[in-house]
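One structure is given below, encoded as structure tokens.
The values are calculated or read from the model by the stated rules, or taken from the named source; none is laboratory data. Predicted model only: the values in this text are computed from it and were never measured. In this analysis, Cβ positions are derived from the backbone assuming ideal geometry, glycine residues included, and neighbour counts consider all displayed protein chains.
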Amino acid sequence: MDRSTADLVIVGGGIVGLTLAATWRERDPKARIVILEKEANSIAHGTGRNSGVLHSGIYYGTGSLRARLCVEGQSLMKAYVSEHDLWMDPCGKLLVPTSDAACDTLPILVERGHANGVTTELVDAKAMLELEPRVETRYGQALWIPSTSVVNPKAVAGHLATRLIASGVSIRYGTPVQGIEGRDVMIPGEMIGAGAIINAAGLHADRVAEEAGLELHYSFQPFKGKYWKHHDPEFRMRRLVYPVPDLQLPFLGVHTAHNEAGEVFFGPSSTPILGRENYRGLQGLQWGDGLRLGMGLCAKLFRNTNGLRTLAWREAKLLTKSGVAAELAGLIRGVRSTDFSESLAKVGIRSQIFDPKAQRLVNDFVVIERDGVVHILNAISPAFTASFAFARHVIDHYLTTRE
Ligand SMILES: Cc1cc2nc3c(=O)[nH]c(=O)nc-3n(C[C@H](O)[C@H](O)[C@H](O)COP(=O)(O)OP(=O)(O)OC[C@H]3O[C@@H](n4cnc5c(N)ncnc54)[C@H](O)[C@@H]3O)c2cc1C
């Protein structure tokens, strides 16, 4: 077996791994940094399969890592995108209530926004229509969040990877990590002795952690996010339109999302699934893991953990296009079920962990350091937005290097 050495080895070349490498490179221009990525590129999973929204930080509980790192990360990501002339649409977001209960949530979100340092404005129906002519104004009010923007996540990751390679970082695509022993990282036919190791393996981070000897008290629960694409190339949205979320449920709800080409998508759904990379059909399903995930899911549905039965009911409505159209009717006007179809190319899976002791889906980022290896678990949304700030946080608080 070949043997090599590096100062820092990062497992996973998604946006979290890339921004960690970039942050470390800035601090130590001479460090030998190696990123090990099992896929042929950086965008095969979460990084290339999200809505591309740079979130404001309004949703997350004040004091949580997600709140702090989202706000800081949004401005760092915007600075990166502007500095390198990448596409960004500073379109802002309208949070629209779709029920009386949602109207009662609006003041809570205003309060959270204020506490988290996010500028928001309560707007009336007239202002809503001036901002976005297609918006539904049934409840006569919405929350306007001007800082929310959209970028092209694939372009951002690709640009960053290219810059890293030019700066001497070695990104080894097609290289699965098979195990970590102490500070040695095993890959096919080779062992890399590392000064420090960071596990940023997204959907597989808990497995990589367990293979490195970490006893986790968390289990894993992947959720699939499907999108539907509007057929009409002339159909445009000026703003992002999201529902006011049900704060008892873990996800943000079906919303609009547009890309650089102006194409408009609706989604994502939030369906609990039994495979970490189960993007379609039986793809990515593994017996042992699937069985474990299936048993855990049945127990959660039975206990209605985190309102999962309520969520499953909401998801069931999205099984038909008329159900999706009914969901959208609360947000925007004039979209019929014949106007869109499911996008097979745009499907994402959330790297969600579950805390069996607390019987809750974990709703913040989790970082654990053990014996010189740092594990990043639960890099859920808004980890794309937060990534540069998340990288600083991990390096400042968890990373200890060894010569
Ligand atoms: C449907 C959906 C919509 C979202 N929308 C948004 C949004 O609008 N805004 C936002 O901020 N966030 C959003 N997110 C969240 C965001 O996409 C993720 O938080 C982010 O991409 C996480 O990045 P990552 O680098 O941790 O994961 P990944 O991109 O999954 O990268 C991890 C990498 O590790 C690699 N890997 C795994 N195991 C191994 C191994 N053993 N050896 C080597 N490599 C390995 C994988 O191949 C993968 O490339 C969304 C997520 C989903 C699912």
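Output the number of residues of region 179-189 satisfying the condition of being surrounded by fewer than 15 Cβ atoms within 10 Å (Cβ to Cβ) and either within 11 Å of the ligand (Cβ to nearest atom) or among the hydroxyl-bearing types (Ser, Thr, Tyr) (or both). Talk me through it step by step, then tell me what you get.
Here is the first cut: in region 179-189, the residues surrounded by fewer than 15 Cβ atoms within 10 Å (Cβ to Cβ) are 179, 181-182, 188-189.
So of that shortlist, the ones also either within 11 Å of the ligand (Cβ to nearest atom) or among the hydroxyl-bearing types (Ser, Thr, Tyr) (or both) come out as 179, 188.
The total comes to 2.
Can you list the strands (runs of 3 or more DSSP E) found entirely within region 113-176 that contain at least 3 residues being in contact (Cβ under 8 Å) with a residue 40 or more places away in the chain?
In region 113-176, 141-145, 149-151, 170-172 are the strands (runs of 3 or more DSSP E) which contain 3 or more residues that are in contact (Cβ under 8 Å) with a residue 40 or more places away in the chain.
How many of the residues making up region 33-47 are more than 7 Å from the ligand (Cβ to nearest atom) and of a type in the set (Gly, Ala, Ser)?
1
If you go through region 132-168 one residue at a time, how many are among the hydroxyl-bearing types (Ser, Thr, Tyr), surrounded by fewer than 22 Cβ atoms within 10 Å (Cβ to Cβ) and closer than 25 Å to Gly73 by Cα?
Matching residues across region 132-168 total 3.
Looking only at region 343-378, filter to residues that are in a strand (DSSP E or B), out of contact with any Gly (no Cβ under 9 Å at 6 or more places or on another chain) and among the charged types (D, E, K, R); which one of those is modelled with the lowest pLDDT?
Filtering region 343-378 for residues that are in a strand (DSSP E or B), out of contact with any Gly (no Cβ under 9 Å at 6 or more places or on another chain) and among the charged types (D, E, K, R), the one modelled with the lowest pLDDT comes out as Arg360.
For residues in region 192-220 being away from the ligand (no atom under 13 Å from the Cβ) and crowded, with 22+ Cβ neighbours inside 10 Å, which is nearest to Asp355 (Cα to Cα)?
Ranking the candidates gives Ala196 first.
Out of the residues in region 368-402 meeting the condition of being of a type in the set (Gly, Ala, Ser) and in contact with a Leu (Cβ under 6 Å, 6 or more places away or on another chain), tell me which one is nearest to the ligand (Cβ to nearest atom). Give the steps one after another, and end with the answer.
Initially, region 368-402 is screened for residues of a type in the set (Gly, Ala, Ser), giving 372, 379, 381, 383, 386-387, 389, 391.
Imposing the further condition that a residue be in contact with a Leu (Cβ under 6 Å, 6 or more places away or on another chain) reduces the set to 386, 389, 391.
Working: Ala386: 7, Ala389: 11, Ala391: 10 Å.
Across region 368-402, the extreme among qualifying residues is Ala386.
What is the residue count in region 373-401 for residues that are closer than 20 Å to Ala212 by Cα and among the aliphatic types (A, V, I, L, M)? Working first, answer last.
Of region 373-401, the ones closer than 20 Å to Ala212 by Cα are 373-379, 394-395, 398-401.
Adding the requirement that they be among the aliphatic types (A, V, I, L, M) leaves 373-374, 376-377, 379, 394-395, 399.
Going through region 373-401 one residue at a time, the tally reaches 8.
Can you tell me which residue in region 1-32 is farthest from the ligand (Cβ to nearest atom), limited to those that are under 13 Å from Val185 (Cα atoms) and of a type in the set (A, V, I, L, M)? Steps first, answer last, please.
Of all residues in region 1-32, those under 13 Å from Val185 (Cα atoms) come to 1-12.
Those still in the list that are of a type in the set (A, V, I, L, M) too: 1, 6, 8-11.
Numbers: Met1: 17, Ala6: 15, Leu8: 15, Val9: 10, Ile10: 9, Val11: 5 Å.
So, considering only residues that are under 13 Å from Val185 (Cα atoms) and of a type in the set (A, V, I, L, M), the one farthest from the ligand (Cβ to nearest atom) is Met1.
Do we find a residue being out of contact with any Cys (no Cβ under 8 Å at 6 or more places or on another chain), assigned to a helix (DSSP H, G or I) and closer than 27 Å to His204 by Cβ anywhere in region 314-325?
yes
Identify, please: which residue in region 262-274 is within 14 Å of the ligand (Cβ to nearest atom) and assigned to a loop (DSSP other than H, G, I, E, B) and is, among those, farthest from Pro243 (Cα to Cα)?
Narrowing region 262-274 to residues within 14 Å of the ligand (Cβ to nearest atom): 265-273.
Applying the additional criterion that residues be assigned to a loop (DSSP other than H, G, I, E, B) yields 268-270, 273.
Details: Pro268: 12, Ser269: 13, Ser270: 14, Ile273: 24 Å.
Filtering first and then ranking leaves Ile273.
Answer yes or no: is there a residue in region 131-147 that is within 26 Å of the chain's Cα centre (by Cα), more than 15 Å from the ligand (Cβ to nearest atom) and hydroxyl-bearing (Ser, Thr, Tyr).
no
Report, ordered by the first and then the second residue, all pairs with beta carbons closer than 9 Å, sequence separation of six or more or different chains, a first member in region 292-308 that is under 19 Å from Asp206 (Cα atoms), and a second member that is surrounded by 14 or more Cβ atoms within 10 Å (Cβ to Cβ) and hydroxyl-bearing (Ser, Thr, Tyr).
Filtered contacts from region 292-308: Arg292/Ser219; Leu293/Ser219; Gly296/Ser219.
I need the full set of residues from region 54-105 which are surrounded by 23 or more Cβ atoms within 10 Å (Cβ to Cβ) and in a strand (DSSP E or B), in order please.
Leu54, Lys93, Leu94, Leu95, Val96
Select from region 323-358 the residues that are within 16 Å of the ligand (Cβ to nearest atom) and touching an Asp or Glu at 6+ places or on another chain (Cβ under 8 Å) and list them in ascending order.
Hits for region 323-358 are Ile349, Ile353.
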